[in-house]
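Enquirer: Got a structure for you, written out below as structure tokens; questions coming shortly.
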Amino acid sequence: MTDSHLTRRTLLRYGAYGAGAASLAGTAASWDRLTGADIPGRDDGSLTVATLGPAYGPEAIRTLTDGFKELHPDIKLRINAVQAVDWSDFFAKILTQIAAGTAPDLVYVATEGVQLFAQRLGVALDKWVKRDAAELREYFADVHPSLVESMMYEGSLYQLPVEFNAADMYLNHQVLKRAGASFPAPDWTRDDFTALLRDMKKSSGSQFTPYFWTNRLWGGVVPWLFANGTNLLTESKAPGGAWLWDGFYPAADRSGRGGGFRWTTPQATDARVEEAYDYLASLIQEDLCTRPEGGNGQNLVGVFSTGRVGVTPAGGFWAGGLHLAGMGASDYDVQYFPRWRTQRMQFGAAGYALLRTSKRQEEAWEFIKYAARRDTLMRLFETNQTTPARRSMLDAARYRETGPQHWQVFYDTLDKFPDTGPIPAPPQVAEVEQVLLKHTGTALASRRAVAPALRRMQSDLEKAMERDV
């Protein structure tokens with residue numbers, strides 16, 4: 001399973017929203033890592049689009065290329081699938097290409113890179129969105145405003161989201177049956193969650209782990225911070241954005257919207273942050289979960305599908321991944337993240353960012369619109385390797401073969417919980433994530449370690465946020 005190319009693409013979805021951004025803010029990639037194969041078509045007049053190679057295989061590239069050629073035969077398109085081990089490595093290579101004067105016109109950017117690219121490298125799409133408003137009205141009507149807002153920076157829109165994944169809870173039916181437990185209700189609580197883990201532990205052997213999670217920005221400790229009504233950094237909204245909300249969304253959907261998220265002051269020593277870490281440390285102390293490991297959860301599909309893990313947070317991308325691992329549509333299911341003080345959940349999204357260095361910005365805009373079309377995304381995402389940003393694409397037919405039964409959870413995480421928001425990803429996200437991963441590992445060594453580790457985290461976060469990217 002973990003050796004197949006398709007599975008690598010599925011696993012990279014797992015890390016697409018926070019699996020590691022350590023190289024985002026620099027150009028540390030050495031020149032020998034940028035082979036000629038990584039940057040084809042430098043001077044052949046092509047509109048060049050850079051995507052993460054393992055996440056977009058040959059079939060996806062062919063789908064995008066052929067469909068665009070039918071619409072725009074006059075625009076020569078080249079999709080550059082940059083071979084990189086993860087999104088961190090991918091962004092490093094793109095930044096190196098920019099420094100070398102061989103930048104692509106468009107880059108596929110996930111949530112952790114949105115504000116960095118917007119601040120330093122990207123072009124706001126506002127003028128094109130306003131100009132082509134009639135054409136785009138159908139798109140915005142089909143896409144949740146939270147996804148759009150996550151692609152805004154200081155009042156301007158920089159990307160049209162085409163996919164997202166929220167951190168929902170996957171549960172193994174075999175393990176539930178073994179524990180004599182029922183599938184949890186949508187409004188289940190943190191205490192319900194804890195009780196379920198205890199029941200799973202009692203009914204399973206020593207090699208079983210009730211709850212498994214990975215130490216990363218997406219799907220790690222952050223969902224528990226959201227559930228407890230807090231965040232790693234103070235969160236607010238930038239002013240502006242009325243031009244978009246008033247133009248495309250009804251009053252109920254645009255209420256409380258702004259010009260994008262701002263993540264500013266570190267608050268690792270906030271009482272609710274410490275409470276969330278203490279809760280996770282207590283689960284480890286009870287052997288209800290293991291200390292989290294880093295990375296993109298490569299081995300998790302296997303251990304979950306064979307019943308060695310009972311519950312884990314994942315997004316819609318896992319429906320395709322579990323199907324490939326041999327799980328039937330009724331072997332597992334998905335539910336919202338449990339309620340604590342709130343039931344606010346987190347997501348990461350992705351779309352195409354237009355670079356300032358591009359000399360083909362009009363052509364690039366045509367590709368952005370094409371890539372967000374429903375027919376394009378239907379062909380691109382047919383194996384459930386992600387959650388489409390378009391609400392209308394999620395239906396019973398899509399999930400009949402792969403599952404889960406409660407597939408509505410994926411989009412209802414947005415529709416029924418409108419305060420669900422993106423992972424905290426300021427322009428300094430590279431250093432912020434490094435600090436989070438480092439100190440989360442030490443904080444969960446024991447319950448006594450939580451407070452000292454969070455004090456060190458606070459100090460390092462303050463330094464990170466003071467630095468200019």
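Enquirer: For the stretch 359-390, how many residues are open to solvent by 10 Å² or more (accessible area, probe 1.4 Å) and within 30 Å of ALA100 (Cβ to Cβ)?
Expert: So the answer is 8.
The rows are residues; the columns are (1) in the same structural domain as THR440 (by the TED database); (2) outside any helix (DSSP H, G or I); (3) more than 16 Å from ASN384 (Cβ to Cβ); (4) open to solvent by 10 Å² or more (accessible area, probe 1.4 Å).
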{"position": "ALA281", "(1), (2), (3), (4)": "yes, no, yes, no"}
{"position": "GLY307", "(1), (2), (3), (4)": "yes, yes, yes, no"}
{"position": "VAL311", "(1), (2), (3), (4)": "yes, yes, yes, no"}
{"position": "GLY321", "(1), (2), (3), (4)": "yes, no, no, no"}
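Enquirer: Taking the stretch 448-462, which residues are free of Cβ contacts under 8 Å to residues at least 24 places away in the same chain and either open to solvent by 100 Å² or more (accessible area, probe 1.4 Å) or within 26 Å of GLY113 (Cβ to Cβ) (or both)?
Expert: If the condition is that a residue be free of Cβ contacts under 8 Å to residues at least 24 places away in the same chain and either open to solvent by 100 Å² or more (accessible area, probe 1.4 Å) or within 26 Å of GLY113 (Cβ to Cβ) (or both), then ARG448, ARG456, SER459 are the ones that fit.
Enquirer: Taking the stretch 274-327 as the search range and keeping residues that are closer than 28 Å to HIS439 by Cα and among the hydroxyl-bearing types (Ser, Thr, Tyr), which one is modelled with the lowest pLDDT?
Expert: Within the stretch 274-327, the match that is modelled with the lowest pLDDT is THR290.
Enquirer: Continuing with the same structure: Out of the residues in the stretch 336-357 that are surrounded by fewer than 19 Cβ atoms within 10 Å (Cβ to Cβ) and among the polar types (S, T, N, Q), which is modelled with the lowest pLDDT?
Expert: Checked the stretch 336-357; the qualifying residue modelled with the lowest pLDDT is THR357.
Enquirer: Then there's this: Please indicate, with yes or no, whether at least one residue in the stretch 344-364 is of a type in the set (Val, Ile, Thr), in a loop (DSSP other than H, G, I, E, B) and closer than 23 Å to THR48 by Cα.
Expert: Yes: the stretch 344-364 contains one or more residues that are of a type in the set (Val, Ile, Thr), in a loop (DSSP other than H, G, I, E, B) and closer than 23 Å to THR48 by Cα.
Enquirer: Does any residue of the stretch 71-85 turn out to be farther than 25 Å from GLY348 by Cβ, surrounded by 19 or more Cβ atoms within 10 Å (Cβ to Cβ) and at pLDDT below 90?
Expert: Scanning the stretch 71-85 turns up no residue that is farther than 25 Å from GLY348 by Cβ, surrounded by 19 or more Cβ atoms within 10 Å (Cβ to Cβ) and at pLDDT below 90.
Enquirer: Another question, if that's okay. What's the total number of residues in the stretch 243-271 that are farther than 25 Å from ARG131 by Cα and over 24 Å from the mean Cα position of the chain (by Cα)?
Expert: The number of residues fulfilling the criteria is 3.
Enquirer: Would you check if there is a residue in the stretch 421-428 being part of a loop (DSSP other than H, G, I, E, B), open to solvent by 10 Å² or more (accessible area, probe 1.4 Å) and either outside the structural domain of PRO161 (by the TED database) or farther than 22 Å from THR386 by Cβ (or both)?
Expert: Yes - at least one qualifying residue is present in the stretch 421-428.
Enquirer: Something else about it: Evaluate the stretch 186-202: report whether one residue or more is assigned by the TED database to the domain that holds ASP287, small (Gly, Ala, Ser) and under 21 Å from the mean Cα position of the chain (by Cα).
Expert: no
The values are calculated or read from the model by the stated rules, or taken from the named source; none is laboratory data. Note that the structure is a prediction, hence the values are computed from the model and not measured. Cβ coordinates were reconstructed from backbone atoms using ideal geometry, including for glycine residues, and neighbour counts include every protein chain displayed. Surface accessibility is based on the protein's heavy atoms, side chains included, excluding ligands, DNA and RNA. Shrake-Rupley method; radii C 1.70, N 1.55, O 1.52, S 1.80 Å.
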